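Trainee: The structure's right below; bear with me while I get my questions together.
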Amino acid sequence: MKIFKKFIFVSFLAIFFSLIIASLFPEEASHKYFYQAPWFKFLWFIVSIGIIIVFVNSVQRRDFGFSIIYLGLLLVLLAGLLASLFKEEGFMEMKKGQTQDDFWINDESSKSLGFSLSLKDFSVEFYPKEVKGMRFIKAYKTSVGISRNGKLLKEATIEVNKPLTFEGFWFYQYGYEPKLPEQTVLQVVKDPGLPLAYSGYLILMLGLVFSFRRLWKI
């Protein structure tokens with residue numbers, strides 16, 4: 001049992017330093033050599049088992065503050081594992097009036113959305129004042145419509161930090177081509193671990209609040 005505990009601890013340290021190193025690589029390389037690598041998924045699984053053991057022990061000791069914290073950590077770890085196994089990510093380049101039902105994962109393959117996305121309008125807003133002869137962008141706005149079998153299901157405007165979500169897909173405003181003012185670039189992400197991650201963060205914060213309240217006897 002002691003050897004297993006040491007292995008879990010070493011696995012945790014390996015993941016921690018791997019995340020730091022992966023952040024130094026380009027996104028494509030970090031996914032290929034770290035997040036999507038079998039060894040990384042294995043270590044992530046081992047650490048999750050360790051968190052489960054600690055969670056069960058804390059429940060048995062009726063230490064509910066730490067039990068909630070460990071539960072939150074476990075959900076975040078499981079969300080990361082789901083993301084490494086099933087996350088889909090790509091891009092869409094669309095012109096005004098164009099309709100697409102897939103997105104590009106790389107230069108050679110595409111993935112179906114299961115519905116159609118139509119670009120109704122795209123605009124770029126600049127700050128009024130120029131700085132050293134340059135105009136800086138204030139906001140991107142992409143107006144789209146979602147339909148299936150010719151039936152309009154949803155209309156929305158996508159902005160930076162205001163993505164569109166639909167049936168598990170997240171559409172982010174990624175950029176545009178200055179030479180093609182009516183063309184927008186959207187980043188498409190489908191991550192089944194996101195709801196679990198958000199739930200984990202919320203539970204983790206509740207556990208911290210509960211623990212600090214007991215510590216300071218509020």
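The values are calculated or read from the model by the stated rules, or taken from the named source; none is laboratory data. Please read these numbers as outputs of a predicted model, since none were measured by experiment. As a convention, Cβ positions derive from the backbone with ideal geometry for all residues, glycine included, and neighbour counts pool all protein chains shown. Calculation scope for accessible area: heavy atoms of the full protein, side chains included, ligands and nucleic acids excluded. Shrake-Rupley method; radii C 1.70, N 1.55, O 1.52, S 1.80 Å.
Trainee: When residues of the range 100-128 are filtered for being hydroxyl-bearing (Ser, Thr, Tyr), open to solvent by 80 Å² or more (accessible area, probe 1.4 Å) and within 19 Å of Thr157 (Cα to Cα), how many remain?
Mentor: 0
Trainee: Would the range 34-41 turn up any residue that is open to solvent by 60 Å² or more (accessible area, probe 1.4 Å) and over 26 Å from Pro163 (Cβ atoms)?
Mentor: Yes, because at least one residue in the range 34-41 is open to solvent by 60 Å² or more (accessible area, probe 1.4 Å) and over 26 Å from Pro163 (Cβ atoms).
Trainee: Quick check, is Lys141 open to solvent by 30 Å² or more (accessible area, probe 1.4 Å), touching a residue at least 60 places away in the same chain (Cβ under 8 Å) and of a type outside the set (A, V, I, L, M)?
Mentor: For Lys141, the condition - open to solvent by 30 Å² or more (accessible area, probe 1.4 Å), touching a residue at least 60 places away in the same chain (Cβ under 8 Å) and of a type outside the set (A, V, I, L, M) - is not met.
Trainee: Among residues belonging to the range 155-188 that are of a type in the set (S, T, N, Q) and under 18 Å from Phe103 (Cα atoms), point out the one that is surrounded by the most Cβ atoms within 10 Å (Cβ to Cβ).
Mentor: Taking the range 155-188 and keeping what is of a type in the set (S, T, N, Q), we get 157, 161, 165, 173, 183-184, 187.
Imposing the further condition that a residue be under 18 Å from Phe103 (Cα atoms) reduces the set to 165, 173, 183-184, 187.
Working: Thr165: 12, Gln173: 22, Gln183: 16, Thr184: 28, Gln187: 16.
Filtering the range 155-188 for residues that are of a type in the set (S, T, N, Q) and under 18 Å from Phe103 (Cα atoms), the one surrounded by the most Cβ atoms within 10 Å (Cβ to Cβ) comes out as Thr184.
Trainee: Could you identify the single residue in Leu24, Leu81, Leu77 that is among the aliphatic types (A, V, I, L, M), on the phi < 0 side of the Ramachandran plot and open to solvent by 60 Å² or more (accessible area, probe 1.4 Å)?
Mentor: Answer to the selection: Leu24.
Trainee: If you don't mind, there's one more thing I want to ask. What's the number of the condition Leu71 fails, among (1) more than 30 Å from Lys141 (Cβ to Cβ); (2) in contact with a Lys or Arg (Cβ under 6 Å, 6 or more places away or on another chain)?
Mentor: The single condition Leu71 does not satisfy is (2).
Trainee: Continuing with this model, one more query. Mind listing just one residue for me: the one in the range 12-53 that is among the hydroxyl-bearing types (Ser, Thr, Tyr) and modelled with pLDDT of 80 or more and, of those, farthest from Leu78 (Cα to Cα)?
Mentor: So, considering only residues that are among the hydroxyl-bearing types (Ser, Thr, Tyr) and modelled with pLDDT of 80 or more, the one farthest from Leu78 (Cα to Cα) is Tyr33.
Trainee: Looking at the range 202-218, I want the residues that are farther than 12 Å from Ile69 by Cα and part of a helix (DSSP H, G or I) and have a partner that is open to solvent by less than 100 Å² (accessible area, probe 1.4 Å) and at pLDDT below 80 with Cβ atoms under 6 Å, at least 6 apart or on another chain. Which pairs are those?
Mentor: Taking only residues 6 or more apart or on different chains, the pairs are Arg214/Gly65.
Trainee: Another question about this same structure. If Ser58 meets every condition in (1) touching a residue at least 40 places away in the same chain (Cβ under 8 Å); (2) open to solvent by less than 40 Å² (accessible area, probe 1.4 Å); (3) over 23 Å from the mean Cα position of the chain (by Cα) apart from one, which number is that one?
Mentor: For Ser58, the exception is condition (1).
Trainee: When you scan the range 84-99, how many residues do you find that are under 16 Å from the mean Cα position of the chain (by Cα) and open to solvent by less than 50 Å² (accessible area, probe 1.4 Å)?
Mentor: Summing the residues that are under 16 Å from the mean Cα position of the chain (by Cα) and open to solvent by less than 50 Å² (accessible area, probe 1.4 Å) in the range 84-99 gives 4.
Trainee: For the range 189-198, which residues satisfy the criterion of being out of contact with any Lys or Arg (no Cβ under 8 Å at 6 or more places or on another chain) and either closer than 20 Å to Lys111 by Cβ or buried (at least 17 other Cβ atoms within 10 Å of the Cβ) (or both)?
Mentor: Passing the criteria: Leu194, Leu196, Ala197.
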